[in-house]
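Remarks on the structure that follows.
The values are calculated or read from the model by the stated rules, or taken from the named source; none is laboratory data. Keep in mind that what you see is a predicted model, and the values were worked out from it rather than measured. Note: ideal-geometry Cβ built from the backbone for every residue, glycine included; neighbour counts use all protein chains shown. The area values use the complete protein model at the heavy-atom level, side chains included, leaving out ligands, DNA and RNA. Shrake-Rupley method; radii C 1.70, N 1.55, O 1.52, S 1.80 Å.
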Amino acid sequence: MIELLAQADNAVDGLKAVGAGLGYGLAAIGPGVGIGLVVGNAITAMARQPEAAGMARTTMFLGIAFTEALALIGFVVFILLNFA
């Protein structure tokens, strides 16, 4: 009986790790797509209006920073789920 409980604990720990890894992987997909869209649209804007490239570049970096924050939040949730 004790061995069965120990195996159940190991299974729960393993499922926690799989769930946390899957959660972080899914959390990283959105920011990856978002950064691609931000950079692609900024390049299009710079190509259409080269005189406004400075403002487009600044806005692009702000968009990248805010989008990357989502990936960091996903990583923090991964750590919390893994060690809680």
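Once Rg and Dmax of the Cα atoms in Å is calculated for the structure shown, the corresponding label among (i) 20.6, 75; (ii) 15.4, 53; (iii) 19.5, 66 turns out to be (i).
Carbon and sulfur atoms: what percent of the 1.4 Å accessible area of segment 1-79 do they account for?
Working: 4230 of 5680 Å².
Within segment 1-79, the accessible surface is 74 percent carbon and sulfur.
Based on protein heavy atoms only, the chain ends up with 74 Å² per residue of surface accessible to a 1.4 Å probe. Given their separation in residues at 0.36 nm each and the Cα-Cα distance between them, L62 and Q49 gain 2.8 nm when the chain is fully extended. Residues considered: A42, A27, A11. Largest GNM mean-square fluctuation over the chain, using C-alpha springs under 10 Å, is found at A11. Each of N41 and F75 was given a label point 7 Å from its Cα along the Cα-to-Cβ line. The distance between the two points is 2.5 nm.
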